[in-house]
Amino acid sequence: QVVGGKVKKPGKRGRKPAKIDLKAKLERSRQSARECRARKKLRYQYLEELVSSRERAICALREELEMYKQWCMAMDQGKIPSEIKALLTGEEQGKAQQNSTKLAKAAKTEANSTNP
């Protein structure tokens, strides 16, 4: 068909007539609403769990901060807390182990380089 100098394609533009049953449309809408509420409920549960885990982490960090404050106050008074002594002796033992490991590796590499 030619209309106004242009070729017109067969078919209609715009909305198609509603062939869908009204009851089926309402049921789909209800189902969609149920699914939306379920998703919303899951999202809120996830967020509540996230908030509670963050609150627990905050409490643990506050306790740790309080412990460090007490250690600092004790050190200001000239006392060294037993926990810090244990950390220092543990570090010294760790350093000694690292040094002995480095020496052993150096000796091994030197022995390998001298042997052809």
Q) Somewhere in the stretch 25-44, is a residue charged (D, E, K, R) and modelled with pLDDT under 90? A) yes
Q: Go through (1) modelled with pLDDT of 90 or more; (2) open to solvent by 70 Å² or more (accessible area, probe 1.4 Å) one by one and return the number of the condition SER82 breaks.
A: (1)
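The values are calculated or read from the model by the stated rules, or taken from the named source; none is laboratory data. Everything numeric in this text was worked out from a predicted model, so none of it was measured. When the accessible area is computed, the model is the full protein with side chains, heavy atoms only, and any ligands, DNA or RNA have been set aside. Shrake-Rupley method; radii C 1.70, N 1.55, O 1.52, S 1.80 Å.
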